[in-house]
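Written out below as structure tokens is the structure these notes cover.
The values are calculated or read from the model by the stated rules, or taken from the named source; none is laboratory data. Remember, predicted model here, so these are calculated numbers, not experimental data. Every residue, glycine as well, gets a Cβ built from its backbone with ideal geometry; the counts of neighbours run over all protein chains shown. Heavy atoms of the whole protein, side chains included, go into the accessibility calculation; ligands, DNA and RNA do not. Shrake-Rupley method; radii C 1.70, N 1.55, O 1.52, S 1.80 Å.
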Amino acid sequence: MEKLIFVTGNKEKLNIARESLKNTGINIINQKIECPEIQSDDTEKIAKFSAKYASDKLKCSVVKVDSGLFLEAFDGFPRTIF
């Protein structure tokens, strides 16, 4: 059985990944690590940075998923208003 290191602290993302790869012979191993998060409106850039960071720290290949919520009312990017 092949194993895949999936880096997340989000249980729902982990469940989706496991369900998506069910019956494929791939065992998903969850690895949660503290990872600095860069600020960008480019989710691909954020995911690449996080994956590289995690891969370097764990010394193995990893999968890192990132997603974003972009709000037109806030010029396309969330920000805190106080």
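The table below gives the values:
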read-out: Among residues of segment 1-28, those that are outside any helix (DSSP H, G or I), among the basic types (Lys, Arg) and out of contact with any strand residue (DSSP E or B) (no Cβ under 6 Å at 6 or more places or on another chain), counted; value: 1
read-out: Considering residues of segment 1-39 that are open to solvent by 60 Å² or more (accessible area, probe 1.4 Å) and basic (Lys, Arg) only, the residue modelled with the lowest pLDDT; value: LYS32
read-out: Of all residues making up segment 61-81, the number that are open to solvent by 50 Å² or more (accessible area, probe 1.4 Å), assigned to a loop (DSSP other than H, G, I, E, B) and modelled with pLDDT of 70 or more; value: 7
read-out: Count - residues of segment 29-47 that are part of a helix (DSSP H, G or I) and in contact with a Lys or Arg (Cβ under 8 Å, 6 or more places away or on another chain); value: 1
read-out: Hits in segment 40-49 - residues which are modelled with pLDDT under 90 and not charged (D, E, K, R); value: SER40, THR43, ILE46, ALA47
